[in-house]
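Working notes, structure below.
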Amino acid sequence: MKIVTIVGARPQFIKTAAVSRAIRAHNQAGADEVVEVLIHTGQHYDERMSAVFFAEMELAAPAYYLGAGSGSQAEQTAAMLPGIEQKLLAESPAWVLLYGDTNSTLAGALAASKLRLPIAHIEAGLRSYNRDMPEEINRVITDHVADMLLCPTDKAVENLAQEGISEGVYNVGDVMYDCALLFAAVAMEKSRILFNLELDKAGYYLATVHRQENTDCKEALSGIFGALGQLDLPVVLPLHPRTEKVLRNFAIVVPDNVRLIDPVSYLDMILLEKGARMILTDSGGIQKEAYFFAVPCVTMRRQTEWVETVASGWNILTGPDEAKILEAVARHAQRGESGVDETLFGDGRAAYKILEKLIAHFR
């Protein structure tokens, strides 16, 4: 059975590491061989956002690199489509495997569906119900053309049912949870980030800012950095290339307590997350990782697709509003210690369950 996996952005490299590992284990067990062909669209082309993840998680080099690069939503998606179509025609896979909600996901879904190739969508069923987010459009379209919908939570299954999608839908758990369990111990052993940055555990806040709704708006970005500047501890912020550019364009002054660093590897990010007093982010995946590691999270967006983290109390939505961000930080600081539901995102074997479903349906 041949699987073509299409990836292009940092979170997808992490997720595919878990599934690729499951495929290798399956093949080493002497079962019918599963061949995985990896297409890297080049959506994240910066060395710090791409190649380092392949090396660190021992991912095989992509069979194809399309070099799509940056551009508007339409330009980037359009740049990917011819290359994806050409490679899919050449490979003729049993499954096209897509992750999440990026432009790479959308391009893969459009190309594969037009060629009538079976599509499996990992992280299916997520909804923020904010159509102003490009990611929401990408995930909705992908879900509606996919043949197998591999959901991370019960809520994702419910969301699909409300849209009339019930066939080929499975709650397999979250592959990001697989990765968190797998790589946390590796990070503790190999990462030197806390030592190199001279950081004490719980002695800093960790922040990330890259979401288009925040970076494209000077008022939003000013509100976020205004709030970060009033926090009582140093703020470590790995700087996304997009954010670096707009900070210059908007002439926003970075507060003295905000320490901008280059984008970091996955293992370094895990250690930064585990050691932080609190995480402030507009990322999707980091909200979950904060939950996995029982670190309070403030999400600087107005909606989230990971509603379970909000319901649990570990995640507070604020948008980019300076006062709301500071209020959320204060609320987290006042709450007592409590545990997290370790079963909310599965049992850490989502990748193996995904592979089992793909093989069963192929047969």
If we keep only residues of the stretch 203-221 that are in a loop (DSSP other than H, G, I, E, B) and modelled with pLDDT of 95 or more, then the residue nearest to Ala9 (Cα to Cα) is Val209
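Looking only at residues that are over 13 Å from Thr281 (Cβ atoms) and touching a residue at least 60 places away in the same chain (Cβ under 8 Å) in the stretch 223-243, which one is surrounded by the fewest Cβ atoms within 10 Å (Cβ to Cβ)?
Gln230
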What about Glu167, is it assigned by TED's automatic domain parsing to the domain that holds Pro238, over 21 Å from Thr304 (Cα atoms) and of a type outside the set (Gly, Ala, Ser)?
no
Taking the residues in the stretch 20-38 that are among the β-branched types (Val, Ile, Thr) and in contact (Cβ under 8 Å) with a residue 60 or more places away in the chain as candidates, determine which candidate is farthest from Glu56 (Cα to Cα).
Val34
Could you tell me whether any residue of the stretch 37-57 is under 16 Å from the mean Cα position of the chain (by Cα) and farther than 30 Å from Leu239 by Cβ?
no
Among the residues of the stretch 324-336, is any part of a strand (DSSP E or B), touching a strand residue (DSSP E or B) at 6+ places or on another chain (Cβ under 7 Å) and surrounded by fewer than 20 Cβ atoms within 10 Å (Cβ to Cβ)?
no
Filter the stretch 69-121 for residues that are more than 25 Å from Glu33 (Cβ to Cβ), in a helix (DSSP H, G or I) and in contact (Cβ under 8 Å) with a residue 40 or more places away in the chain and give the result.
Gln73, Met80, Gly83, Asn103, Ser104, Thr105, Ala107
Identify all residues within the stretch 122-151 that are part of a loop (DSSP other than H, G, I, E, B) and within 17 Å of Gln303 (Cβ to Cβ); write none if there are none.
Glu123, Gly125, Leu126, Arg127, Ser128, Tyr129, Asn130, Arg131, Asp132, Met133
Can you pull out the residues in the stretch 192-219 that are free of Cβ contacts under 8 Å to residues at least 24 places away in the same chain and of a type in the set (Phe, Trp, Tyr)?
Phe195
Does Asn159 satisfy the condition of being part of a helix (DSSP H, G or I), outside the structural domain of Phe293 (by TED's automatic domain parsing) and under 17 Å from the mean Cα position of the chain (by Cα)?
no
Select from the stretch 120-154 the residues that are of a type in the set (Ser, Thr, Tyr) and at pLDDT 95 or above and write down the one among them that is surrounded by the most Cβ atoms within 10 Å (Cβ to Cβ).
Thr142
Restricting the search to the stretch 339-363, which residues are among the aliphatic types (A, V, I, L, M), in contact (Cβ under 8 Å) with a residue 12 or more places away in the chain and out of contact with any Lys or Arg (no Cβ under 7 Å at 6 or more places or on another chain)?
Val340, Leu344, Ala350, Ile354, Leu355, Leu358, Ile359
If a residue has to be crowded, with 19+ Cβ neighbours inside 10 Å and assigned to a helix (DSSP H, G or I) to count, how many in the stretch 22-46 make the cut?
2
Considering residues that are assigned to a loop (DSSP other than H, G, I, E, B) and under 14 Å from the mean Cα position of the chain (by Cα), the number found within the stretch 288-315 is 3
Search result, residues across the stretch 230-287 that are basic (Lys, Arg), in a helix (DSSP H, G or I) and modelled with pLDDT of 95 or more:
Lys274
Would you mention how many residues in the stretch 218-245 are of a type in the set (Asp, Glu) and closer than 15 Å to Asp256 by Cα?
1
Might you let me know whether the stretch 313-320 holds any residue that is more than 24 Å from Ala9 (Cβ to Cβ), touching a Ser or Thr at 6+ places or on another chain (Cβ under 8 Å) and surrounded by fewer than 18 Cβ atoms within 10 Å (Cβ to Cβ)?
yes
Looking only at the stretch 178-203, count every residue that is of a type in the set (D, E, K, R), exposed (fewer than 13 other Cβ atoms within 10 Å of the Cβ) and either within 30 Å of Glu123 (Cα to Cα) or over 24 Å from the mean Cα position of the chain (by Cα) (or both) and tell me the total.
4
Answer yes if at least one residue in the stretch 343-353 is at positive phi and touching a strand residue (DSSP E or B) at 6+ places or on another chain (Cβ under 9 Å), and no otherwise.
yes
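The values are calculated or read from the model by the stated rules, or taken from the named source; none is laboratory data. Since the structure is predicted, the reported quantities are computational estimates derived from the model, not experimental observations. Every residue, glycine among them, receives a Cβ derived from its backbone with ideal geometry; neighbour counts consider all protein chains shown.
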